[in-house]
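Notes follow the structure.
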Amino acid sequence: MPDLIVALQRRIDVNAVRAVNTYQREVPEYASPSPEQLTHMLDFARFIRLVSLERVRDDTPLDEDDLAAIGDVGRRRGEDRLSLASQRQALSTHTALMLRDVVETATAANTEDVLHMANWLGREGNRARGAYLDGYVVGVAQAWSMSAQVQMLARSLLADDEPPPTGIARAAGVRLASHWLVTVVGFDPPGLTAPARKRIVAAVLASWRIPMSWLGPAELVLVTPASVDAPAGTSAWLVDGGVYGPAADRTLDLVRGVAMDSGRECAAGAALGPVGQLAGVLEQARQISRLTSAERMPQHLYSVADRFVELGAARSPQMDGWLRELITRLEAGPDLIRTLDAYYLHDMSRPATARTLGVHTRTLDYRLRRVEELIGLRPASTLGVRILTAAVAWAFADRLREA
């Protein structure tokens, strides 16, 4: 063991420089550090190697001072506003580099020593990682706004980070749940400005402190707690693909507030799932949102139960050309796509549809007859409902793709 330790100690500076170069190359947020940050990165890379080799040599764990120093580095990273994702990536890269340092320096005579060091690094590496992330959370709580904290928490949950970000949730004052309702809100027209997005997040937080994040200037995702064992006010459940419960009702209220604050029409798609599977839940909610027409005052959180036909059609490339042809023919009539959307949204009630469109029922009847003339399907027939609801949803999704 001593000869391997000595060889690694001689290479501390070389390995530290190589580590920092690797971070700059592989972790995007580390690509262009300031001179001060670069110096700090090199100092820490040297420090962690020196301390690790001393503790391995003495066969002792990291002590409280070691862990405090590591936590202080994590705190600085949080204060520098580096993302949680970048820190997880940097920590994984660090572990791989430490093992590579050992393997590349060892000789055939050091096999047992390598195994011993690998075992120590695995055990103490977990403690060091925990201290670093605890410090990072302290830095985040001190330097990040509440808006930034809940957005970081949402991104971590939706990326299925393991383990779940309990420290970030604690700093943001959000209680982690076992299940979450993921709601994607799309805006029409898209392209909200940065100040508008900031204002909307602040308004939501004033009503309910939940994880949320912008997927882009046209889509906001709300992540609301929906555990079946949660208090009654924050529970939700799935029945035949539809989302129900107090959490769903409260989320719909948030969506309506978002629509009012944005001054735009909104479409909300929702899906429910457990921690660790939210990336797929997000994708489903996003697809549902894109297949739903925007409303000035959303009346419903649309789920897979509402859009299962459209979801199936959207995933079939063979359907694309056929639906596009139907839409092209419908565009020849007087506002037929919006008329059909309102017609089905109101369960084919002619008076309610006419009121929503601001037209006389005779005008609505003319438009419905015009649909039948153009494509040979009666909108109120079983076949008409099946095909035209899919076509209308596809048309709205296609507009979002073009936007």
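The values are calculated or read from the model by the stated rules, or taken from the named source; none is laboratory data. Since we're looking at a predicted model, the values are computed, not measured. Glycine gets a Cβ as well: all are built from the backbone with ideal geometry, and neighbour counts include every protein chain shown.
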Worksheet entry | Candidates 386, 399 - the one that is under 20 Å from residue 188 (Cβ atoms) and modelled with pLDDT under 85 | 399
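State whether the residues of the range 211-219 include one that is buried (at least 22 other Cβ atoms within 10 Å of the Cβ) and in contact with a Ser or Thr (Cβ under 7 Å, 6 or more places away or on another chain). Can you show your working first?
First, pick out the residues of the range 211-219 that are buried (at least 22 other Cβ atoms within 10 Å of the Cβ): 211-212.
This time we only want the ones that are in contact with a Ser or Thr (Cβ under 7 Å, 6 or more places away or on another chain), so: none.
Checked against the condition, which is being buried (at least 22 other Cβ atoms within 10 Å of the Cβ) and in contact with a Ser or Thr (Cβ under 7 Å, 6 or more places away or on another chain), the range 211-219 yields no hits at all.
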Worksheet item: Looking at this structure, is residue 315 at pLDDT 85 or above, basic (Lys, Arg) and either loosely packed, with under 14 Cβ neighbours inside 10 Å or farther than 22 Å from residue 294 by Cβ (or both)?
Response: no
Item to complete: Among the residues of the range 19-45, write down those that are within 14 Å of residue 77 (Cβ to Cβ) and either of a type in the set (D, E, K, R) or under 27 Å from the mean Cα position of the chain (by Cα) (or both).
Response: 23, 27, 29, 30, 33, 36, 43
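Just checking: which of the helices (runs of 4 or more DSSP H) contained wholly in the range 1-63 hold 3 or more residues that are β-branched (Val, Ile, Thr)?
Counting at least 3 such residues, we get 12-26, 35-58.
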Practice prompt. Six or more apart or on different chains, Cβ under 6 Å: which pairs go from a residue in the range 145-174 that's part of a loop (DSSP other than H, G, I, E, B) to one that's of a type in the set (S, T, N, Q) and crowded, with 19+ Cβ neighbours inside 10 Å? Could you list them?
Written response: 165/156
Worksheet entry | Members of the range 322-370 that are farther than 15 Å from residue 387 by Cβ and β-branched (Val, Ile, Thr) | 339, 353, 356, 359, 361, 363
Practice prompt. Report the residue count in the range 23-68 for those that are closer than 16 Å to residue 93 by Cβ and charged (D, E, K, R).
Written response: 4
Item to complete: Please state which one of 143, 96, 128 is more than 26 Å from residue 25 (Cβ to Cβ) and hydrophobic (A, V, I, L, M, F, W, C).
Response: 143
